[in-house]
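For reference, the structure discussed in these notes is given below.
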Amino acid sequence: MKSSRLCMRWLRYYNVWMDGPFEYLEPHFVESKTEEFLKEFQKTQKYYRNRIKADMLENTLCKFKGQTEDPDPEKHPCPLKLCARMAQSIKDFHLGVYIVKIMCNPALKDRHWDEMSEIAGFDLTPDAGTTLRKIINHQLDKDLDKFEIISIGANKELQLQKNLASMIREWETIEFKLNPFKETGLNILSGLDEIQAVLDDHIIKTLAMRGSAFVKPCEKEVKEWYKTLTRVNKTIEQWGKVQSTWLYLLPIFSSADIVAQMPNESRMFQQVDKTYRMYMKIVEANRSVMNVAAAKGVLEALEETKELMEEITNGVNEYLEKKRLYFPRFFFLSNDEMLEILWETKDPLRALDIRSMFSIEKEQVQFVEKVSTSEARRSVEKWLLRVEEEMLRAVFHEMRESYVAYKDKPRHSWVLD
């Protein structure tokens with residue numbers, strides 16, 4: 001009969017759960033299986049109730065003894081009575097399900113069992129002889145709410161530890177991206193914004209962990225991880241600044257003329273250039289952000305390099321200021337525009353003699369004397385000043401020539417151009 005087979009299956013599970021090893025009970029399986037059996041018995045009970053009613057109406061020869069509508073369940077037909085008893089047995093097992101859910105939690109550690117044992121007044125730590133029946137017989141009903149709070153706390157502690165481990169694992173696959181820089185044969189960092197986004201997210205999450213009431217079991221690990229993240233964050237920030245300044249200074253100190261005029265800054269740039277290239281070689285060999293950026297000494301070296309670069313940049317600004325004072329028209333140009341002009345002095349084809357100038361309207365002004373850029377030793381401000389002087393001389397010379405030509409003519413023949 002269908003109901004008897006269902007009863008046998010339920011009793012088999014029930015006896016294993018009640019008298020089997022307590023430590024092997026799996027809360028989710030016990031709870032879901034119990035609910036499944038309850039629904040199955042209720043469904044079977046409904047099936048037999050309808051079938052017995054149908055048999056009574058059809059007046060069949062073989063009928064179950066008892067009345068389906070009798071207020072006493074014990075006087076119901078046998079299948080209904082059996083289903084009712086099993087359903088009640090399952091409902092009575094609700095306490096067992098509750099205990100398994102609380103005390104068979106894999107998140108529970110020795111410290112949690114110590115807390116529950118203190119509440120119970122005796123050692124509750126499961127051993128090889130512990131069974132669910134023995135736990136129920138201890139009649140711990142009044143303490144179960146307290147045990148549940150401890151068990152929930154253990155879950156949250158475990159989840160926090162898992163979240164920490166997940167963050168650490170995520171960094172195993174995060175690497176620096178490199179792009180070649182022009183024709184230098186050197187790679188530079190790219191995609192730092194993507195790394196920064198992950199850093200910001202993890203720093204916020206780690207700060208939340210530090211403030212959690214459930215951090216105590218892994219408080220040391222969380223603090224160490226936060227320390228690592230903040231170090232990597234500072235390293236990435238400094239590296240980005242160093243790279244940006246290095247890209248700005250590299251073309252400046254690639255000019256022999258500028259190097260000759262700024263010897264102190266040039267020596268400092270050689271030092272920072274060596275440091276920058278060294279760490280870029282390290283990244284090429286090992287692109288792991290965590291392995292490189294969190295390594296001892298990297299942040300300190302980049303901070304020292306940044307300080308030197310600030311000193312070099314100040315020297316470059318003073319150098320450009322001197323150029324402006326020598327040739328005031330440079331005050332209308334930005335530093336980048338001035339550096340572009342100075343950079344072009346590296347091109348030997350630009351070291352030519354200047355004999356005239358052309359206006360936007362293609363009007364030519366012939367200089368009285370040529371201006372030699374080579375004689376100015378590529379000091380742009382010097383030959384630009386000479387160009388300005390020659391332009392004024394040329395204009396003055398042309399005005400004087402015109403005056404001489406007109407003054408010898410009769411006044412009535414003067415015509416204004």
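The values are calculated or read from the model by the stated rules, or taken from the named source; none is laboratory data. Since the structure is predicted, the reported quantities are computational estimates derived from the model, not experimental observations. Cβ coordinates were reconstructed from backbone atoms using ideal geometry, including for glycine residues, and neighbour counts include every protein chain displayed. What goes into the accessible areas is simple: the full protein's heavy atoms, side chains included, and nothing from ligands, DNA or RNA. Shrake-Rupley method; radii C 1.70, N 1.55, O 1.52, S 1.80 Å.
Scanning the range 163-181 for residues that are open to solvent by 70 Å² or more (accessible area, probe 1.4 Å), under 21 Å from residue 240 (Cβ atoms) and either among the aliphatic types (A, V, I, L, M) or over 12 Å from the mean Cα position of the chain (by Cα) (or both) turns up 177, 179, 180. Is it the case, given these coordinates, that residue 278 is farther than 20 Å from residue 196 by Cα and touching a Gly at 6+ places or on another chain (Cβ under 9 Å)? So residue 278 fails the test. For the range 349-368, the set of residues classified as open to solvent by 90 Å² or more (accessible area, probe 1.4 Å) and modelled with pLDDT under 75 consists of 349, 350, 352, listed by residue number. Would you say residue 247 is among the aliphatic types (A, V, I, L, M), assigned to a helix (DSSP H, G or I), more than 30 Å from residue 371 (Cβ to Cβ) and in contact with a Phe, Trp or Tyr (Cβ under 8 Å, 6 or more places away or on another chain)? In short, yes. Being over 21 Å from residue 322 (Cβ atoms), open to solvent by 20 Å² or more (accessible area, probe 1.4 Å), among the acidic types (Asp, Glu) and assigned to a helix (DSSP H, G or I) is a property that holds for residue 237. Close contacts from the range 257-284, counting a first residue that is without any contact (Cβ under 8 Å) to a residue 12 or more places away in the chain and assigned to a helix (DSSP H, G or I) and a second that is of a type in the set (D, E, K, R) and open to solvent by less than 80 Å² (accessible area, probe 1.4 Å), with Cβ to Cβ under 9 Å and a gap of 6+ residues or different chains, come to 259/265. Scanning the range 19-54 for residues that are within 28 Å of residue 100 (Cα to Cα) and hydrophobic (A, V, I, L, M, F, W, C) returns 22, 25, 29, 30, 37, 38, 41.
Could you please find all residues in the range 240-272 being open to solvent by less than 30 Å² (accessible area, probe 1.4 Å) and either touching a Pro at 6+ places or on another chain (Cβ under 7 Å) or not polar (S, T, N, Q) (or both)? Hits for the range 240-272 are 240, 242, 246, 249, 250, 252, 253, 258, 262, 269, 272.
Just so you know, in the range 285-309 the residues that are closer than 19 Å to residue 172 by Cα and outside any helix (DSSP H, G or I) include one that is most open to solvent (accessible area, probe 1.4 Å), and it is 296.
When the test is whether a residue is more than 15 Å from residue 33 (Cβ to Cβ), β-branched (Val, Ile, Thr) and surrounded by 13 or more Cβ atoms within 10 Å (Cβ to Cβ), residue 90 does not pass it.
Scanning the range 310-327 for residues that are among the hydrophobic types (A, V, I, L, M, F, W, C) and surrounded by fewer than 14 Cβ atoms within 10 Å (Cβ to Cβ) turns up just one, 325. Just wondering, is there one or more residues in the range 84-96 that are more than 30 Å from residue 5 (Cβ to Cβ), basic (Lys, Arg) and out of contact with any helix residue (DSSP H, G or I) (no Cβ under 7 Å at 6 or more places or on another chain)? The answer is no; no qualifying residue exists. Of all residues being surrounded by fewer than 16 Cβ atoms within 10 Å (Cβ to Cβ) and in contact (Cβ under 8 Å) with a residue 24 or more places away in the chain in the range 149-158, which is nearest to residue 13 (Cα to Cα)? Just the residue, please. The qualifying residue nearest to residue 13 (Cα to Cα) is 155.
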